[in-house]
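Each remark here refers to the structure printed beneath this line.
The values are calculated or read from the model by the stated rules, or taken from the named source; none is laboratory data. Quick caveat: nothing in here was measured; it's all calculated off a predicted structure. Cβ sites come from the backbone with ideal geometry, for glycine too, and all protein chains shown count toward neighbours. Ligands, DNA and RNA are stripped out before the accessible areas are found, and what is left, the full protein with its side chains, is counted by its heavy atoms. Shrake-Rupley method; radii C 1.70, N 1.55, O 1.52, S 1.80 Å.
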Amino acid sequence: MNKSIGFDLVFSTYDSLGPRKYVLTIFIFFVYSVSTLANIFIMLVIYLESSLHKPMYIFLFNLLCSGLLGSSAVWPKVLSNLLTDLHTSSYEGCLLQVYLLSIYTVCTYFTLTVMAYDRYISICKPLQYHNIMNPSKIKIWLMLSNLIPVFSVAGQIYLTSRIPLCSHTLNKLFCDNLSVINISCSTSSFSLLSNVYGLLIIVCLSVLPTFLIVLSYVKILSVSLKVSENSQSKALGTCIPHLIIFINFSIATFFSVIYNRLTVIMPIEMNVFISFQVTLLPPLLHPVIYGVRTKEIRKCTFKITQRLYASTNCYYTSKLKVPKIFAISGSL
């Protein structure tokens, strides 16, 4: 049995921030609030507008959900630690945070892979698109994108939870799997198993999806070069938002993995920067990039905004009734 259960873990990074923690608190609160509201708004737009009930936007809805999960698993706790002198987390709470954060990462890669496949079929096999991307196939892709991360990460968390800890101090803003493994007793067989299993997840659920996405875009590029300039611009218009998000998320994840595996202690600024790149900025970029770059979402957003304005205007107009005294004087 793991004797670490019931202990609290201490985050030493907060003590090194000094007065900078106030600026950091304002920045995190602002970005997290804007990100959450933007994600929820785009999700409502997709849900309310029947014209957006297409595979690409359904997968985008799933991507926004995973982004909300990842940011909400981390930043409310970080804000709480910044605003108080209590920079701790229960071991169970730490494992839950690791679990949700890992699901977010794996689910994002799976969803981006399915979105790349959707773009590939749409551009390279347009006549077969509706047969291939039918409602039953979409449900299967969505189930795989969510269930595979949930169950595969559960195995990782089980192995990590069995590791006896030789320290209770994390040099991080929040919990991640490698940080917990790094403070474990090196003689533990579960520590080695968890490390190997983590590498297997990275290869199978991150590297392989990356390869499939790159392969999809190589095919798309080869087909696009053979068509007219107008068709090329349309193809690029639908692919650019996905490419921007994929490249940004892959670079952030890559540096995060490398950083977490370094044995040397890095500057506090690097620690904070890597934390932002993985879980704070990507969920903000998803709704912003798709909201700005996607014409259909822009049109539907404008339409919904007009409806809200019209309904609000009608509500207040109905409340502004003419007083009876004026009605009587007007009839005289």
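Below, the figures for the structure above:
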| read-out | value |
| --- | --- |
| Taking the chain and dividing mean pair separation by its residue count, relative contact order in percent (alpha carbons under 8 Å, at least six apart) | 27 |
| Cut-off 17 Å, label 7 Å out along Cα→Cβ of T25, residues of region 49-93 by amide N | 75-88 |
| Accessible-area ranking of V207, V278, largest first, probe 1.4 Å | V207, V278 |
| Surface per residue (accessible, 1.4 Å probe) for region 100-156, Å² | 45 |
| Accessible area of the chain belonging to carbon and sulfur atoms, whole % at 1.4 Å probe | 72 |
| C204, C94, ranked by accessible area, largest first (probe 1.4 Å) | C204, C94 |
| Restraint check, K77/K295; K77/K139; K219/K303; K139/K234; K125/K226; K54/K303, Cα-Cα greater than 25 Å | K77/K295; K77/K139; K219/K303; K139/K234 |
| Heavy atoms of I247 accessible to a 1.4 Å probe, total area in Å² rounded to 10 | 90 |
| Cα gyration tensor, the chain - rounded (a/c under 1.5), prolate or oblate | oblate |
| Distance between modelled label sites at S50 and Y309, nm, 7 Å Cα→Cβ extension | 2.5 |
| Relative contact order %, region 1-103, counting alpha carbon pairs below 8 Å whose residues are six or more apart | 49 |
| Per residue accessible area in Å² of region 163-215, where ligands, DNA and RNA are left out and the probe is 1.4 Å | 48 |
| Cβ-defined net charge surrounding I58, 15 Å radius [Lys, Arg +1; Asp, Glu -1] | +1 |
| Unit charges at the beta carbon, dipole of the chain: most positive-side option, F273, L192, S71 | S71 |
| Separation between Cα centres of region 126-155 and region 4-47, rounded to whole Å | 30 |
| Residues with amide H under 5 Å from that of F7, placed H, sequence gap 5 or more | Y91 |
| Point-to-point label distance, V292-S33, nm (Cα→Cβ direction, 7 Å offset) | 2.1 |
| M270-N131 FRET efficiency (beta carbon distance; Förster radius 51 Å; 0.05 resolution) | 0.55 |
